[in-house]
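Chemist: Take a look at the following structure, please.
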Amino acid sequence: MNLSFKDKKALVRVDFNVPLDKAYNITDDTRIREALPTIQKILLEGGSVILMSHLGRPLEKRNADGSINKEKFTLNHLTKHLKKKLKTKVHFADDCIGKSAVKKAAALKPGEVLLLENTRFYEEEEKGDPAFAQKLAALGDLYVNDAFGTAHRAHASTAIVANYFEKGRKTFGLLMEREIANATRAMNNPEKPVTCVTGGSKVSDKILLLEKFLDYADNILIGGAMAYTFFMAKKGAVGNSLVEPERLQNAKDFLKKAKDAGVKVILPKDSVCADKFAADAATRITNSNQIPNGWMGLDIGPSAARQFAGVIRKSKTVIWNGPMGVFEMAPFAEGTKTVAKACATATKNGAFVMVGGGDSVAAVNQLKLAKKVSFVSTGGGAMLEFLEGKTLPGIAAIEQ
Ligand code: 3PG
Ligand code: MG
């Protein structure tokens with residue numbers, strides 16, 4: 001982030017797509033907090049900041065009459081919080097382009113911030129419309145992309161806008177730099193042994209990630225419902241557990257590839273099973289390949305959790321993406337908790353531990369272990385795609 005910001009207006013794309021409660025209070029401001037250093041650096045250097053972001057998916061979730069629900073999706077919900085955090089003037093423009101945005105951007109003084117309205121109020125945003133991107137670009141002298149969480153989208157404000165700033169007038173923000181540096185450290189020549197832990201419900205969501213892990217992992221631990229597709233592929237009895245029959249061949253192929261590559265794949269020996277998908281279900285522990293009909297695996301069992309934790313604690317690099325069970329329900333949270341604690345122990349023992357991608361991040365936050373692992377990503381889908389080895393449009397736009 002080595003541009004000179006003095007007396008410049010920096011157009012900064014952030015991912016302020018944060019969760020809000022029914023009264024529009026921010027329930028988790030991680031993404032905002034993590035973007036503050038970038039904003040503060042620009043302000044301290046004597047520049048001003050024009051912030052743009054999306055919030056939610058307003059075009060999908062319209063009012064009954066087809067209009068956009070501006071009350072729900074306005075970024076103005078964040079203005080007060082930003083003022084408090086930045087301790088400076090934060091203006092709000094109720095349109096991200098157009099006369100008022102232009103006027104407010106022009107009037108912005110060094111040290112001040114302008115927050116633009118939700119870029120997704122325009123369908124041109126998601127379409128990556130060049131004319132719309134050009135209007136956004138006209139608001140600033142420099143462009144900073146710090147929206148790692150949205151870097152996998154080729155949208156107007158995340159990627160196309162960068163075409164209107166030549167080299168030397170665009171850069172990554174500090175958050176983006178941190179995300180890229182940490183994920184790269186985990187993937188490129190990581191210190192061995194390397195353990196990749198993955199979970200979540202579907203093999204289809206994670207198969208590309210699993211295949212990429214074969215490039216550098218020593219151990220791959222598979223929890224979550226996706227494990228049952230693997231057990232079924234190995235002719236185990238999985239009862240009523242969630243499986244993807246159309247992914248059985250993928251699962252078989254993956255196990256074969258792992259064997260050929262000398263990578264150890266560990267599936268959970270046992271499972272916490274339930275007679276229904278509910279927090280008050282009857283539960284029992286069974287072997288994961290001997291689940292009776294009428295029962296479904298909703299968490300890795302205690303033996304599996306111990307085994308997973310042991311492998312994690314002995315690793316020098318750990319990448320964790322995806323929960324081990326339905327951790328939102330207390331009876332099925334233990335596996336994820338045990339893995340999270342083992343990640344904290346491994347970090348303490350000197351390992352590099354990165355947690356990335358949505359639900360596992362929520363789990364680490366819920367357990368208050370976020371500060372006890374080496375790095376927690378702000379990206380869900382973006383981190384998943386980065387780890388899959390894909391080129392993210394928001395990154396390519398700055399690098400090209
Ligand atoms: C996210 O939270 O996943 C990012 O902000 C991107 O949002 P999207 O999934 O609606 O594109
Ligand atoms: Mg998403």
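Rule-based calculations on the coordinates, nothing more; no lab input. Just so it is clear, the structure is predicted and the values come from calculations on it, not from any experiment. A quick note on method: Cβ atoms are made from the backbone with ideal geometry, for glycine too, and the neighbour counts reach across all protein chains shown.
Chemist: Report, in whole Å, the centroid distance computed from the Cα atoms of the stretch 25-67 and the stretch 135-163.
Modeler: Cα centroid to Cα centroid, the span is 13 Å.
Chemist: For every helix of n ≥ 4 consecutive DSSP H residues, a contribution of -39,500 (n - 2.57) applies; sum these over the chain, divide by its total residues, and give [θ] at 222 nm rounded to the nearest 500 deg cm²/dmol.
Modeler: Details: 15 runs with 145 residues, N = 400.
Estimated from H runs of four or more residues: -10500 deg cm²/dmol.
Chemist: Which one of Val161, Val265, Val49 has the biggest mean-square fluctuation once the chain is modelled by GNM with Cα springs under 10 Å?
Modeler: Highest fluctuation among the options: Val265.
Chemist: Same structure again: Give the residue list of GluC sites (Glu not before Pro) in the stretch 18-109 that are DSSP loop and have at most 13 other beta-carbon atoms within 10 angstrom. Don't jump to the answer; show the numbers that get you there.
Modeler: Working: sites: Glu34, Glu45, Glu60, Glu71; in loops: Glu45, Glu60.
Those that pass, being in a loop and sparsely packed, are Glu60.
Chemist: Name the long-range amide H neighbours of Ser288: under 5 Å, sequence gap of 5 or more, or other chain; modelled H, no Pro or chain starts.
Modeler: Long-range HN contacts for Ser288: Asp270, Ser271.
Chemist: Further question: If R₀ is 30 angstrom, what is the calculated FRET efficiency for the pair Asp29 and Ile285, using the beta carbon separation as r and rounding to 0.05?
Modeler: On the way: r = 38 Å, r/R0 = 1.28.
For Asp29 and Ile285, the calculated efficiency is 0.20.
Chemist: On the first, second and third principal axes, largest extent first, how far apart are the outermost C-alpha atoms of the stretch 151-300 in Å?
Modeler: Dimensions of the stretch 151-300 along the principal axes of its Cα atoms: 63, 37, 25 Å.
Chemist: Among the aspartates and glutamates, which fall within straight-line cross-link reach of Lys167, defined as a Cα-Cα distance under 12 Å, with same-chain neighbours fewer than 8 residues apart omitted?
Modeler: Glu399
Chemist: In the chain, what % of DSSP beta bridges are antiparallel (nearest 5)?
Modeler: Values: 10 of 49 bridges.
For the chain, the DSSP antiparallel bridge percentage is about 20.
Chemist: Sticking with this structure for a sec: Of all DSSP beta bridges in the stretch 232-362, what percent run antiparallel (nearest 5)? If you can, show how the numbers build up before the last one.
Modeler: Working: 9 of 15 bridges.
Approximately 60 percent, going by the DSSP bridge assignments.
Chemist: Please find, in a Gaussian network model of the chain (springs between Cα atoms separated by less than 10 Å), the residue of Ile26, Ile220, Ile97 whose mean-square fluctuation is greatest.
Modeler: Ile26
Chemist: Something else: What full-extension length gain, to one decimal in nm, is calculated for Lys89 and Leu44 as 0.36 nm per residue of separation minus the Cα-Cα distance? Walk me through the intermediate numbers first.
Modeler: Details: separation 45, 0.36 × 45 = 16.20 nm, distance 1.36 nm.
Result: 14.8 nm gained on full extension.
Chemist: For the stretch 1-80, report the translational diffusion coefficient in µm²/s to the nearest whole number, using Stokes-Einstein at 37 °C, 0.692 mPa s, and a Kirkwood Rh over Cα pairs. Please report the intermediate quantities before stating the final value.
Modeler: Working: Rh = 14.2 Å.
Reported coefficient: 231 µm²/s.
Chemist: HN-Hα J couplings of the stretch 385-397 from phi, Karplus 6.51/-1.76/1.60, θ = phi - 60°, integer Hz, Gly and Pro as x?
Modeler: Once θ is set to phi - 60°, the couplings for the stretch 385-397 become 5, 4, 5, 6, x, 6, 8, 8, x, x, 8, 4, 4 Hz.
Chemist: Okay, moving on. Quick check on the stretch 8-137: of the DSSP beta bridges with both residues there, what percent are antiparallel, nearest 5%? Could the numbers behind the result be given before it?
Modeler: On the way: 1 of 13 bridges.
Around 10 percent of the beta bridges assigned by DSSP in the stretch 8-137 are antiparallel ones.
Chemist: Which residues' amide hydrogens lie under 5 Å from the amide hydrogen of Lys170, considering only partners 5 or more residues apart or on another chain, with H built in the peptide plane?
Modeler: Answer set, sorted by chain and number: Tyr143.
Chemist: Check Leu115: other-chain or 5+ apart residues with amide H under 5 Å from its amide H, H built from backbone geometry?
Modeler: Leu51, His91, Phe92, Ala93
Chemist: Also, quick follow-up: What chymotrypsin sites (Phe, Trp or Tyr not before Pro) in the stretch 10-73 are in a loop by DSSP, with at most 15 other Cβ atoms within 10 Å of the Cβ? Provide the component values of the computation, followed by the final result.
Modeler: On the way: sites: Phe16, Tyr24, Phe73; in loops: Phe16, Tyr24.
Those that pass, being in a loop and sparsely packed, are Tyr24.
Chemist: If you don't mind, another one. Which angle from 0 to 90°, rounded to the nearest 10, does the C-alpha axis of helix 302-313 make with the longest principal axis of the chain?
Modeler: 60 degrees
Chemist: Okay, next question. Based on the Cβ-Cβ distance from Lys264 to Ala237, what FRET efficiency comes out when R0 is 30 Å, to the nearest 0.05? Mind showing how you got there, number by number?
Modeler: Details: r = 24 Å, r/R0 = 0.80.
Once the sixth-power term is evaluated, E becomes 0.80.
Chemist: Separate question: Find how much the distance from Lys103 to Asn365 grows on full extension, using 0.36 nm per residue of separation minus their present alpha carbon separation; answer in nm with one decimal. Present the calculation step by step, with values, prior to reporting the outcome.
Modeler: Numbers: separation 262, 0.36 × 262 = 94.32 nm, distance 4.02 nm.
Extra length from Lys103 to Asn365 when fully extended: 90.3 nm.
Chemist: How far is helix 203-213 tilted off the main Cα axis of the chain, in degrees rounded to 10, range 0 to 90?
Modeler: With rounding to tens, the tilt is 90 degrees.
Chemist: Moving to a separate point now. What do you get for trypsin sites (Lys or Arg not before Pro) in the stretch 1-37 restricted to DSSP loop and a cutoff of at most 11 other Cβ within 10 Å of the site's Cβ? Kindly include the intermediate steps, with their values, before the conclusion.
Modeler: Values: sites: Lys6, Lys8, Lys9, Arg13, Lys22, Arg31, Arg33; in loops: Lys6, Lys8, Lys22.
Loop-located and lightly packed - Lys6, Lys22.
Chemist: Quick one, can you get me the convex hull of the C-alpha atoms of the chain expressed as volume per residue in Å³?
Modeler: On the way: hull volume 59.9 nm³, N = 400.
Normalising the Cα hull of the chain by residue number yields 150 Å³.
Chemist: Another one. Taking each pair of different alpha-carbon atoms in the stretch 117-198 once, compute 1/r for the pair, average those values, and report the inverse of that mean as the Kirkwood hydrodynamic radius in Å to one decimal.
Modeler: Values: mean 1/r = 0.0695 Å⁻¹.
14.4 Å is the Kirkwood radius here.
Chemist: In angstroms, what radius of gyration and Dmax does the stretch 37-157 have, counting Cα atoms only?
Modeler: Rg then Dmax for the stretch 37-157, in Å: 14.3, 47.
Chemist: Residue separation times 0.36 nm, minus the C-alpha to C-alpha distance between Lys22 and Ala131: what's the value?
Modeler: On the way: separation 109, 0.36 × 109 = 39.24 nm, distance 3.51 nm.
Stretched out fully, the Lys22 to Ala131 stretch lengthens by 35.7 nm.
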